[in-house]
Amino acid sequence: MFRVFCAAGRKSLVGAAAFAAFAVVAAGQSSGVAAAEIVITVTKFHALDRADELSSGDFFARMRINGKAAFSPVLTGETVFTPDWKLTLPAKSGKNDVNLSLIDKDVSVDDPIDINRIAKKRDLDFTVNTKTCRIEGFAETYKCGQTITREGSETKKASISFTVDVK
Ligand SMILES: [Ca+2]
Ligand SMILES: [Ca+2]
């Protein structure tokens, strides 16, 4: 069974060709049968200040669930991006803790961009329930397919819009 985007037509065909490659890095192959997969689609982000002193930022997204991580490719050279990045990870049935970061790739240490309005917290933590398709942990509760937009306020900040789906 596939969940479809509820937000019909809102942004459905953004970069239809851009089925961006993503990498899944897992600490060992999962032994159990995955009950479901959680897919985050990053539809847009906007760098609100300079991520890099010497150049424009080079950005990628990282999703983490249950000790596994999925990474987007790196994008650079703009301040507003509509990447249509799809990050997919296996999930357990029911509620899963999900972490989403936007990161500026760096030679030395990758630098997290602030996409969370909470002070001294730069990434996003929320839960996704694979049975109900409810996304909780924000001021309001979202359903699969709804666009979630968040924005940071500290140095090296961005706004980010994404959807969550379960399949
Ligand atoms: Ca950089
Ligand atoms: Ca913050």
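What the phi angles of region 86-100 give under the Karplus curve with 6.51, -1.76 and 1.60, with θ = phi - 60°, is a coupling list of 10, 10, 10, 9, x, 9, 8, 5, x, 7, 10, 7, 10, 10, 10 Hz, glycine and proline written as x.
Measuring against 22 Å, Cα to Cα, the residue pairs 105/167; 105/156; 92/121 contain 105/167; 92/121 as the ones spanning a longer distance. What FRET efficiency comes out for the pair residue 58/residue 119, r = Cβ-Cβ distance, R0 = 25 Å, nearest 0.05? So, using R0 = 25 Å, E works out to roughly 0.45.
Here region 34-166 is treated with +1 on each Lys and Arg Cβ and -1 on each Asp and Glu Cβ, and its dipole about the Cα centre works out to around 620 debye. Scaled against 2.2 N^0.38 Å for its residue count N, the alpha carbon radius of gyration of region 121-160 is 1.31. Quick note on region 34-166: its Rg to Rh ratio, both from C-alpha atoms and Rh being the Kirkwood radius, is 0.96.
None of the figures in this text is laboratory data; all of them are computed from the coordinates on show. Note that this is a predicted model, so its numbers are computed, not measured. Cβ: placed from backbone, ideal geometry, glycine included. Neighbour counts: every protein chain shown.
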